[in-house]
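In what follows, a structure is listed as structure tokens, so that the remarks can point back to it.
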Amino acid sequence: MSGDKRLRQNAFTLIEILISVAIIAVLASVVTQSLFTTVRTNTKSEITKEVKQSGDFAIDTLTRTIQNARKVASACGIYGTGSTEITIMGTDGGLTTMGCVQDGSVTRIASVSAAGTSYLTGNSVTLGGDICAASSLQFKCTGVPGLPQKIEISFNLTQLGTPVDQFEKASESFSSTTILRNEER
């Protein structure tokens, strides 16, 4: 009998085991949720960074190209008008059109000249919409006649594809105003 008593004191009861399993399950659930949240936040950060880098490159290139142009040769050359593309004459006399270009099913910002087409946005982002007419790219000419022409550039970039969860969708707005520094009068 004394051996049975000693055996009982060294063993766990069913309730103690169930409580231990429940505590371990709760802790595992908290750790798993924390891990998933960290991975999800990292994914969102990477997607947002890619959209931001693509947009920053495009807005910087558009701004620099327009600043160095000799004149605006498109309809945007009329003060107060806006357009989804702009044609400029460079210092070499060549024409370059910057605007939305359909690249398969992706709407991208591109610079088209005699040298060819140069894409200014990556293929993992889109201007929105499946066609350029629905894109967000806008060039607006403002200013006062007799002074250097101001051109406002604005567009929205969104990650390509539709994520299952809206949390992971990245979208950024970009805008800049520039003037022609080498404008012919």
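Some values worked out for this structure:
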{"read-out": "All positions within region 97-109 that are crowded, with 20+ Cβ neighbours inside 10 Å and either over 19 Å from the mean Cα position of the chain (by Cα) or not charged (D, E, K, R) (or both)", "value": "MET98, GLY99, CYS100, VAL101, THR107, ILE109"}
{"read-out": "Some residue of region 44-56 being more than 24 Å from LEU157 (Cβ to Cβ), of a type in the set (Gly, Ala, Ser) and surrounded by fewer than 17 Cβ atoms within 10 Å (Cβ to Cβ)", "value": "no"}
{"read-out": "Of all residues making up region 50-63, the number that are farther than 13 Å from SER171 by Cβ and not aliphatic (A, V, I, L, M)", "value": "6"}
{"read-out": "Top-ranked residue of region 144-174 - restricted to ones that are of a type in the set (A, V, I, L, M) and modelled with pLDDT of 85 or more, ranked as surrounded by the most Cβ atoms within 10 Å (Cβ to Cβ)", "value": "LEU157"}
{"read-out": "Search result, residues across region 133-152 that are under 17 Å from the mean Cα position of the chain (by Cα) and closer than 17 Å to SER74 by Cβ", "value": "SER135, LEU137, GLN138"}
{"read-out": "Members of region 110-128 found to be without any contact (Cβ under 8 Å) to a residue 60 or more places away in the chain, under 14 Å from GLU50 (Cβ atoms) and either surrounded by fewer than 17 Cβ atoms within 10 Å (Cβ to Cβ) or aliphatic (A, V, I, L, M) (or both), listed by number", "value": "ASN123"}
{"read-out": "Filter result (polar (S, T, N, Q) and at pLDDT 90 or above) within region 84-106", "value": "THR87, THR96, THR97"}
{"read-out": "Test: residue in region 30-47 that is assigned to a helix (DSSP H, G or I), in contact (Cβ under 8 Å) with a residue 24 or more places away in the chain and of a type in the set (Val, Ile, Thr)", "value": "yes"}
{"read-out": "Qualifying positions in region 51-71 - in a helix (DSSP H, G or I) and touching a Ser or Thr at 6+ places or on another chain (Cβ under 6 Å)", "value": "SER54, ALA58, ILE59, THR63, ILE66, GLN67"}
{"read-out": "Criterion violated by CYS100 - all others in (1) in a helix (DSSP H, G or I); (2) free of Cβ contacts under 8 Å to residues at least 60 places away in the same chain satisfied", "value": "(1)"}
{"read-out": "Only one of ILE23, ILE15, ILE19 that is farther than 22 Å from MET98 by Cα, loosely packed, with under 10 Cβ neighbours inside 10 Å, at pLDDT 90 or above and more than 27 Å from the chain's Cα centre (by Cα)", "value": "ILE15"}
{"read-out": "Region 85-96, residues that are surrounded by fewer than 17 Cβ atoms within 10 Å (Cβ to Cβ) and either in contact with a helix residue (DSSP H, G or I) (Cβ under 6 Å, 6 or more places away or on another chain) or part of a loop (DSSP other than H, G, I, E, B) (or both)", "value": "GLY90, THR91, ASP92, GLY93, GLY94"}
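The values are calculated or read from the model by the stated rules, or taken from the named source; none is laboratory data. Nothing here was measured: the structure is a model prediction, and the numbers come from that model. Virtual Cβ from ideal backbone geometry, glycine too; neighbours counted across all protein chains shown.
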